[in-house]
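Take a look at the structure set out below.
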Amino acid sequence: MLLKVRRLSLREPYNAWATRLVTHRGFALAAVDIAMLTTTYTYAFPDPFDSVITATAHVLDVPVITNDTEIHAAQVVDVYW
């Protein structure tokens, strides 16, 4: 996954891009707390980012919008796509 990210080309510095991204309506960053961290360790995905994504969805009680086959197969959160 890191290799894929490094191949992306932003037209502005990452900080500017990220700051602009979170200003969009409907976009919010989830706070990392003890419940989130504890839940993350209960999901043993090969990709640690999948564990964080599913734990966040579980704690916040929201669905995940993804086509990731491992997240779909785990059936630990509601998934759309």
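The stretch between Ala31 and Ala74, if pulled fully straight at 0.36 nm per residue, gains 13.1 nm over its current Cα-Cα span. Sum up the charges of everything whose Cβ sits under 11 Å from the Cβ of Asp50, counting Lys and Arg as +1 and Asp and Glu as -1, but leave Asp50 out. Net of charged neighbours comes to -3. For region 25-81, a crude dipole built from +1 on the beta carbon of Lys and Arg and -1 on the beta carbon of Asp and Glu, taken about the Cα centre, is about 160 debye to the nearest 20.
Could you compute the net charge surrounding Val64? Neighbours are other residues with a C-beta less than 11 Å from the C-beta of Val64; K and R count +1, D and E count -1. Result for the local shell: -3. Ranked for footprinting exposure by Cβ neighbours inside 10 Å, fewest first, Thr54, Thr66 give Thr66, Thr54. Sorting the segments 73-79, 25-31 by their residues' average number of neighbouring beta-carbon atoms within 10 angstrom, most packed first, yields 73-79, 25-31. Mind running the shape call on the chain? Use the C-alpha gyration tensor, a ≥ b ≥ c as the square roots of the eigenvalues: rounded below 1.5 for a/c, prolate if a/b tops b/c, oblate otherwise. The shape class here is prolate.
Every read-out reported here was derived from the displayed coordinates using simple, explicitly stated rules and does not represent laboratory data. Remember, predicted model here, so these are calculated numbers, not experimental data. Here Cβ is always computed from backbone atoms with ideal geometry, including for glycine, and neighbour counts include all displayed protein chains.
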